[in-house]
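Encoded as structure tokens, the structure appears first; notes follow it.
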Amino acid sequence: MIEKIFGYNAVINYGDYFGPAADSRMAISNLLLVTRKSYNYFETMVATIYSLGTIIQLQFLFALFALIYHMVYSETVDLQVSDSFKILYLIWFILDTIQLYSVKYKYIRAIGFMVLVFGTFTLWRLYGFPVIMRTLL
């Protein structure tokens, strides 16, 4: 914000703190408190961890719902019900997040990202995790 109001190097002299002037300018513009509407690596990581935390919370709420449902009706609830809520949340999260970007083909990229995420998760769940568990047990 200081850079945006007063100008680059007007209040804080960055000098060659991050290397040559062009590198310093790029490093400063990619700090966590950025002055533009795009996210850098660490902000993207925080958003991803936030979404993962929400998915874990949804899983907890599903387990609580399944427990109450079992206590009332003495029946089990299929885990795929939980997966459908998590998938809907991830689709909403990704589509809401890409609204902040002004890049070409952002919806095609978002769909490709979702396919990769769900495909990777499915492959891990079906082939990766069982192999590791068989090896460890």
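One table, with the values for the structure above:
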quantity: For F121, net neighbour charge (Lys/Arg +1, Asp/Glu -1) across residues whose Cβ lies under 14 Å away; calculated: +1
quantity: Fraction of the pair-distance distribution of segment 58-115 above 12 Å, Cα-Cα pairs, percent; calculated: 71
quantity: Calculated FRET efficiency for the pair Y73/E43, C-beta based, R₀ 35 Å, to 0.05; calculated: 0.20
quantity: Prolate/oblate/rounded call for segment 39-136, Cα gyration tensor, a/c under 1.5 rounded; calculated: prolate
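Rule-based calculations on the coordinates, nothing more; no lab input. For clarity, every value in this text was computed on a predicted model and none was experimentally measured. Counting neighbours? That spans all protein chains shown, and the Cβs are built from the backbone with ideal geometry, glycine included.
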